[in-house]
Amino acid sequence: MKATVMHSAGDVRIEDVPDARLVEPTDALIRVTRACICGSDLWPYKNMEPTEGGRPMGHEAIGVVEEVGAEVRTVKVGEVVVMPFAFSDGTCLFCEDGLQTECVHGGFFGSPEVGGAQAEALRIPQADGTLYPLPVEADDALMPGLLTLSDVLGTGHHAAVIAGVGPGKKVAVVGDGAVGLCGVIAAKRLGAEQIVILGRHEDRTDLAREFGATDVVAERGEEGVERVRALTDGFGAHSVLECVGLDQSTRTAIEIARPGGAVGRVGVPQSEPMPGGQASFYDNVTVGGGPAPVRAYIEELLPDILDGTIEPGRVFDRTVDLEGVPDGYRAMDEREALKVMVEP
Ligand SMILES: [Zn+2]
């Protein structure tokens, strides 16, 4: 079968690899009908060291179940399913707490062990706990929106939940990528009174306004911090969603939180020490977050996509087939495309 393999920074290839197959009795096999390229795929695209054999890419997909292992109980052949970016058994103590990304039998897609979703097919470990059946056909017009349940919508929602977004709250979203835009959707959905987005790509901040952002701040660093404070009674936001992961964006996120506020981090951190430690201490700012348990959020978010209340599928602005994936990486890396959907 054909699959996407990254060999080193900037070197993404479509290759013939051994067919995905069942390995464990708890596995399922899906034929991928929709996948996409993630902002987090751009980190290795920028700085991956060359590796032997390369790394299979992709962790977001919708597919049709082709085969299930002997111990799979709930997932059925022929079902249209969405996969979260992490697999999980659905039964351990962390899964029961709704933290499937910490599952004791879990792991992440897009590794040599499990394979990647930017491919014709994919093995799904812990199929019963991982896959979520969708009540639509594989060619439904809502596919782009449903595909965001794999990662970006649930990730933006997680940032909002961790940051304590709710009715009457002043919210700031750092980052105008697909996750930041989904963070705006989530904040609006959870009843935020004001939503400030920090970003400098006008087409993206325009979309953010359509999703519910009330203010746009294009400035960065200290200037950006001052602008957000000025927009929020001089004190900063109650809830801040950090959707980038760079040092500067993390520092900004902490500095624009008001005393007693909270920051939900979902941008993959690009360095070990956390910036803004003193600012968070002296302002009693709670900082939390991590890999979003998107599997836990599908049930809550799916109905709003099905009835059109939210339209997260609008973050996709380009569609490619598998052969077009390498150029999709280039386009996202050069900020020519916001988020690229793949139809294998
Ligand atoms: Zn678990």
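The values are calculated or read from the model by the stated rules, or taken from the named source; none is laboratory data. In this text, all values refer to a predicted model and were calculated from it rather than measured experimentally. A quick note on method: Cβ atoms are made from the backbone with ideal geometry, for glycine too, and the neighbour counts reach across all protein chains shown.
Can you pull out the residues in the stretch 176-194 that are of a type outside the set (Val, Ile, Thr) and closer than 18 Å to Gly313 by Cα? Spell out how you get there, then give the answer.
Kept after step one, since they are of a type outside the set (Val, Ile, Thr), are these residues of the stretch 176-194: 176-178, 180-183, 186-194.
Residues satisfying the conditions are Asp176, Gly177, Ala178, Gly180, Leu181, Cys182, Gly183, Ala186, Ala187, Lys188, Arg189.
Looking across the stretch 53-91, the residues that are over 25 Å from His7 (Cβ atoms), within 15 Å of the chain's Cα centre (by Cα) and away from the ligand (no atom under 16 Å from the Cβ) come down to Ile62, Val82.
Scanning the stretch 76-93 for residues that are surrounded by 17 or more Cβ atoms within 10 Å (Cβ to Cβ) and either under 26 Å from Pro144 (Cβ atoms) or out of contact with any His (no Cβ under 8 Å at 6 or more places or on another chain) (or both) turns up Glu79, Val80, Val81, Val82, Met83, Pro84, Phe85, Ala86, Phe87, Ser88, Gly90.
Can you tell which of Ala163, Ala192, Ala117 is touching a residue at least 40 places away in the same chain (Cβ under 8 Å), under 20 Å from Leu29 (Cα atoms) and aliphatic (A, V, I, L, M)? Spell out the reasoning first.
Values: Ala163 fails: under 20 Å from Leu29 (Cα atoms); Ala192 fails: under 20 Å from Leu29 (Cα atoms).
It is Ala117.
Could you tell me whether Ala28 is more than 16 Å from the ligand (Cβ to nearest atom), touching a Pro at 6+ places or on another chain (Cβ under 6 Å) and more than 23 Å from Tyr329 (Cβ to Cβ)? Judged against the criteria, Ala28 is not a match. For the stretch 226-243, the criterion of being within 19 Å of the chain's Cα centre (by Cα) and assigned to a loop (DSSP other than H, G, I, E, B) is met by at least one residue. Hey, does the stretch 227-244 have a residue that's under 20 Å from Val285 (Cα atoms), basic (Lys, Arg) and buried (at least 23 other Cβ atoms within 10 Å of the Cβ)? The answer is no, given that none of the residues of the stretch 227-244 is under 20 Å from Val285 (Cα atoms), basic (Lys, Arg) and buried (at least 23 other Cβ atoms within 10 Å of the Cβ). Counting the residues of the stretch 317-344 that are under 17 Å from Asp176 (Cβ atoms) and surrounded by 21 or more Cβ atoms within 10 Å (Cβ to Cβ) gives 4.
Of Pro135, Pro125, Pro144, which residue is of a type outside the set (A, V, I, L, M, F, W, C) and within 16 Å of the ligand (Cβ to nearest atom)? Steps first, please.
On the way: Pro135 fails: within 16 Å of the ligand (Cβ to nearest atom); Pro144 fails: within 16 Å of the ligand (Cβ to nearest atom).
When all the criteria are applied, what remains is Pro125.
Inside the stretch 6-43, residues that are over 20 Å from the mean Cα position of the chain (by Cα) and of a type in the set (A, V, I, L, M, F, W, C) make up a count of 10. For the stretch 164-175, does any single residue satisfy the condition of being closer than 28 Å to Ser111 by Cα, at pLDDT 95 or above and buried (at least 22 other Cβ atoms within 10 Å of the Cβ)? Within the stretch 164-175, one or more residues are closer than 28 Å to Ser111 by Cα, at pLDDT 95 or above and buried (at least 22 other Cβ atoms within 10 Å of the Cβ). Screening Asp304, Asp321 for residues that are more than 18 Å from the chain's Cα centre (by Cα) and of a type outside the set (Phe, Trp, Tyr) leaves exactly one candidate, Asp321.
Okay, residues lined up against (1) within 30 Å of Thr319 (Cβ to Cβ); (2) touching a residue at least 40 places away in the same chain (Cβ under 8 Å); (3) not in a loop (DSSP other than H, G, I, E, B):
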residue: Glu71; (1), (2), (3): no, yes, no
residue: Val77; (1), (2), (3): yes, no, no
residue: Val81; (1), (2), (3): yes, yes, yes
residue: Gly90; (1), (2), (3): no, yes, no
residue: Val104; (1), (2), (3): no, no, no
residue: Glu113; (1), (2), (3): yes, no, no
residue: Leu122; (1), (2), (3): yes, yes, yes
residue: Asp128; (1), (2), (3): no, yes, yes
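State yes or no: is Leu147 hydrophobic (A, V, I, L, M, F, W, C) and in a strand (DSSP E or B)?
Numbers: hydrophobic (A, V, I, L, M, F, W, C): yes; in a strand (DSSP E or B): no.
So Leu147 does not fit the description; no.
Look at the stretch 92-118 and say how many of its residues are within 15 Å of the ligand (Cβ to nearest atom) and among the small types (Gly, Ala, Ser).
Kept after step one, since they are within 15 Å of the ligand (Cβ to nearest atom), are these residues of the stretch 92-118: 92-108.
Within this subset, residues satisfying the condition of being among the small types (Gly, Ala, Ser) are 98, 106-107.
Qualifying residue count, the stretch 92-118: 3.
Looking only at residues that are among the polar types (S, T, N, Q) and in a loop (DSSP other than H, G, I, E, B) in the stretch 1-56, which one is modelled with the lowest pLDDT?
If we filter the stretch 1-56 for residues that are among the polar types (S, T, N, Q), which is where we start, we get 4, 8, 26, 33, 40, 47, 51.
Checking the rest, the ones that are also in a loop (DSSP other than H, G, I, E, B) come to 26, 51.
Details: Thr26: 98, Thr51: 90.
Ranking the candidates gives Thr51 first.
Number of residues in the stretch 202-224 that are closer than 22 Å to Asp333 by Cβ, part of a loop (DSSP other than H, G, I, E, B) and modelled with pLDDT of 95 or more equals 1.
The selection criterion, being touching a Cys at 6+ places or on another chain (Cβ under 9 Å), part of a helix (DSSP H, G or I) and buried (at least 19 other Cβ atoms within 10 Å of the Cβ), holds for Ser249. Comparison of Arg314, Arg295 shows that the only residue that is surrounded by fewer than 21 Cβ atoms within 10 Å (Cβ to Cβ), in a helix (DSSP H, G or I), modelled with pLDDT of 95 or more and of a type outside the set (Asp, Glu) is Arg314.
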